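Inspection log for the structure reproduced underneath, given as structure tokens.
The values are calculated or read from the model by the stated rules, or taken from the named source; none is laboratory data. Please read these numbers as outputs of a predicted model, since none were measured by experiment. No Cβ is skipped: glycine too gets one built from the backbone with ideal geometry, and neighbour counts run over all protein chains shown.
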Amino acid sequence: MLENYGDFLDSESTAIELHVSTWTVRDWCRKGILPSVKVGNRVLVPKQQLIEFVESKMKAGVE
């Protein structure tokens, strides 16, 4: 799923992978739902944290 990315994904790449809008990714990051780091005006999601986020949602029955 994420083999083509480095250690971090920007909000646009994260949105594409999760099939949600960039705004939703930024909102989830702001609310702490999705772990992220802010570098300047960029929101970056650590790839490992994204994998764990998806796995936790799959375990909970939310896709």
Looking only at residues in the range 1-16 that are at pLDDT 95 or above, under 15 Å from Glu52 (Cβ atoms) and not polar (S, T, N, Q), which one is surrounded by the fewest Cβ atoms within 10 Å (Cβ to Cβ)? Asp7
Considering every residue within the range 38-53, establish whether at least one is at negative phi, surrounded by 15 or more Cβ atoms within 10 Å (Cβ to Cβ) and β-branched (Val, Ile, Thr). yes
Members of the range 17-63 that are touching a Cys at 6+ places or on another chain (Cβ under 7 Å) and hydroxyl-bearing (Ser, Thr, Tyr): Ser36
Quick test for you: out of Val54, Val43, Val20, pick the one residue that is of a type in the set (A, V, I, L, M) and at pLDDT 95 or above. Val20
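In the range 27-37, which residues are among the small types (Gly, Ala, Ser) and surrounded by 14 or more Cβ atoms within 10 Å (Cβ to Cβ)?
The initial filter retains those residues of the range 27-37 that are among the small types (Gly, Ala, Ser), namely 32, 36.
Passing the criteria: only Ser36.
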